[in-house]
Amino acid sequence: MKFSLYLGKYKGIKVFIHWTFSLLLLWIIIANTRSGVDIGDTGWSLLFILSIFFCVILHEFGHALTAQKYGIQTKDIILLPIGGLARLEKLPEDPKQELNVALAGPLVNIVLFLLLGFVVYISGFDVEAIEEPHLDGSTILLYLASANLFLALFNLLPAFPMDGGRVLRALLSIRMSRVEATQIAGGIGQVLAIGFVFLGLFYNPILVLIGIFVFLGAQAEVNHIRQSSFLKGYLVGDALMKKFPIVAFDAPLKKAVEKLLDSQATHFVVVKNDEPFGTLSRDEIIKGLGDGDDSIEIEKVFSPGPLKLDLHMPLEEAFKRMAAENRKVALVYEDNLFMGILDQENIAEFIMVKNALNK
Ligand SMILES: [Zn+2]
């Protein structure tokens, strides 16, 4: 993960914190200083925020470890100022599994709320003795307990793709197709997202960011689900590209540039001893040229270790795998025999054609 600080890992799941998180801490320090809050109190605010985000990490582990139970791995967990994100390699398609994975996060916050509440209770702290809200050593656990309750309830709002929205989609999928369920949940999510932005403008800038994030997230997931539904029933072989440029791994980059300018192709197959060895994309060529030298060998700029797919694999599965691994192109084989390539643009064209024929 770029621009992120690695915090550690648990059960093979790495946790990162995004650099923009430092802006949140800085914002608290500046806001506190400007309103004349002393250093001690600012320290308590920072500790409070960091504790909340620790609870957010635990929430994300709730999702990630539940997914792991169903054999779904999590690439990483990343903390952003607007919350956490467990990047699952794929989403469970079984409604019951999706329901459990979605509920596990907020459930962690409810458990934390009960635990912290219990600690506050047995410590004999008198809630009614608080005259005005003040964050310090005596009240921090109480506020942290309340924050966890808030996190659980907020995440359970049916604002797809937030947890509550996923719960809604899972429940809808029992009765209707996954595409329809996603469209309905996504529509509700977008309406709520607009509400977040509107409320956030008056009360809290972070809510504006969450609203934008939810709106775009809902859009992206609805599109993705619709697209993959068009691929149902087809195999990789149906969208295979048999014509593509080939370059040798030890050829100078200018050979690839000539071919790039001479064709529509955006992906090349790099060969070594007549065997496909990797791929070279337009972006990699441009990046290589950025160093100002077109005589460097292709070997220095290409991507080794290409994704290999079977010719008879369902196209939908291939599409998902490419999206999950963030691959724009894959090499296609039939019984160890190289048959051609599959790239995302070609899949997009395939979808457009099927979509047009469906109308
Ligand atoms: Zn969650």
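The values are calculated or read from the model by the stated rules, or taken from the named source; none is laboratory data. Being a predicted model, the structure only gives us computed values, none of them experimental. Glycine also receives a Cβ, built like all others from the backbone with ideal geometry; neighbour counts cover every protein chain displayed.
Structure data summary
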item: Residue that is modelled with the lowest pLDDT, among those in region 45-81 that are of a type in the set (S, T, Y) and within 13 Å of the ligand (Cβ to nearest atom); result: T74
item: Restricting region 82-98 to residues that are over 24 Å from I212 (Cα atoms) and either in contact with a helix residue (DSSP H, G or I) (Cβ under 7 Å, 6 or more places away or on another chain) or not polar (S, T, N, Q) (or both), the residue that is modelled with the lowest pLDDT; result: E93
item: Strands (runs of 3 or more DSSP E) wholly inside region 1-101 containing at least 3 residues that are over 28 Å from G164 (Cβ atoms); result: 4-10
item: Failed item, numbered, when S138 is tested on (1) of a type in the set (S, T, N, Q); (2) under 21 Å from L25 (Cβ atoms); (3) surrounded by fewer than 17 Cβ atoms within 10 Å (Cβ to Cβ); result: (2)
item: Where a residue in region 325-347 is outside the structural domain of L88 (by TED's automatic domain parsing) and under 13 Å from K243 (Cα atoms) and its partner, wherever it lies, is outside any strand (DSSP E or B) and among the β-branched types (V, I, T), with Cβ under 7 Å and at least six apart; result: V332/V236; L342/V236
item: Count of region 271-290 residues which are touching a helix residue (DSSP H, G or I) at 6+ places or on another chain (Cβ under 6 Å) and assigned to a loop (DSSP other than H, G, I, E, B); result: 0
item: Meets criteria (touching a Pro at 6+ places or on another chain (Cβ under 6 Å) and within 16 Å of the ligand (Cβ to nearest atom)) for G165; result: yes
item: Out of I188, I174, sole residue that is away from the ligand (no atom under 16 Å from the Cβ), modelled with pLDDT under 95 and part of a helix (DSSP H, G or I); result: I174
item: Count - residues of region 238-270 that are closer than 22 Å to H312 by Cβ and in a helix (DSSP H, G or I); result: 2
item: Given (1) over 36 Å from the mean Cα position of the chain (by Cα); (2) within 15 Å of the ligand (Cβ to nearest atom), number of the condition L112 does not satisfy; result: (1)
item: Hits in region 7-23 (condition: of a type outside the set (S, T, N, Q) and more than 16 Å from F61 (Cβ to Cβ)); result: H18, W19, F21, L23
item: Residue in region 103-124 that is part of a helix (DSSP H, G or I), outside the structural domain of E317 (by TED's automatic domain parsing), in contact with a strand residue (DSSP E or B) (Cβ under 6 Å, 6 or more places away or on another chain) and at pLDDT 90 or above present; result: no
